[in-house]
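The values are calculated or read from the model by the stated rules, or taken from the named source; none is laboratory data. Computed from a prediction, not measured in an experiment: that's the story for all the values here. With ideal geometry, Cβ positions are generated from the backbone for all residues, glycine too; neighbour counts draw on all protein chains shown. All accessible areas refer to the heavy atoms of the entire protein, side chains included, with ligands and DNA or RNA removed. Shrake-Rupley method; radii C 1.70, N 1.55, O 1.52, S 1.80 Å.
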Amino acid sequence: TEIVHSSEYKSHETFKEKRVAVVGSSFSALEIAADLTHSASRIVSICSSVPWVLPRWVSDSEGTVLPIDMALFKRSHAFPQAESVQLTPESCRQRHRFLKSIVGEKQLNSDLGEPLDWDKPAHVAISNDFLDLVRERRIEVFHGRLEGICEDGSLRVIDSNTGNESSVEAFCHRIF
């Protein structure tokens, strides 16, 4: 078993025909999982939380195609903005509804699913490929938190939905 941090990840070629578990649901975890589909024999993405996976490019209200960060973070007031945001359950639900409107049914109809608790702040990642690769079953998703690695190389994971311990069969490599 080899453990590689995402900051050390260079190329999918290092993992040719290997079984890889990618632990986490951050931007880098999803992009690495997608990249690994070019070489690894199996990829399991272990996500302790479900992010909204946004596309890298979107059209604004005028039909102009923009990078998602530019579309979402336009300043409507001059800098500096003295803005204080206090998240309430209702404001969190509003943000989740907005993010779901961007993603559409694509995420809901994948094994990743959508976040369960809309009363808490939304977690966001950006990837053009991750959801398609999950839907094509080229990336398997396991909702849980990694607890450890067994002697046989299997991964002990606590299921996020049930709280029960599960085992993901033996893997040769793990990236988190």
Fraction of antiparallel bridges per DSSP, the chain only, in percent to nearest 5: 40
Taking Cα atoms, how many degrees apart are the long axis of helix 89-103 and the longest axis of the chain, rounded to 10 and kept between 0 and 90? 80
Quick check: residue separation of residue 147 and residue 62 times 0.36 nm, minus the Cα distance between them. What number comes out in nm? 25.9 nm
Just the number please: accessible area per residue for the chain, 1.4 Å probe, all protein chains included, in Å². 58
For n ≥ 4 DSSP H runs only, could you compute -39500 (n - 2.57) per run for the chain, divide by its residues and tell me the 222 nm figure to the nearest 500? -6000 deg cm²/dmol
To the nearest 20 debye, the chain has a Cα-centred charge dipole, built from +1 on Lys and Arg Cβ and -1 on Asp and Glu Cβ, of 300
Heavy atoms of residue 14 accessible to a 1.4 Å probe, total area in Å² rounded to 10: 90
Given charges at Cβ of Lys, Arg, Asp, Glu: the chain dipole, positive-most of 47, 121, 134: 121
Would any residue of the stretch 115-139 have its amide N under 17 Å from a label point 7 Å out along Cα→Cβ of residue 90? List them or say none. 118-121
If the cut-off is 12 Å between C-alpha atoms, which aspartates and glutamates fall inside it for residue 16, apart from same-chain ones fewer than 8 positions away? 35
Expected-Rg normalisation [2.2 N^0.38 Å, Cα atoms] applied to the stretch 1-151: 1.17
Largest to smallest accessible area among 28, 39 [probe 1.4 Å]: 28, 39
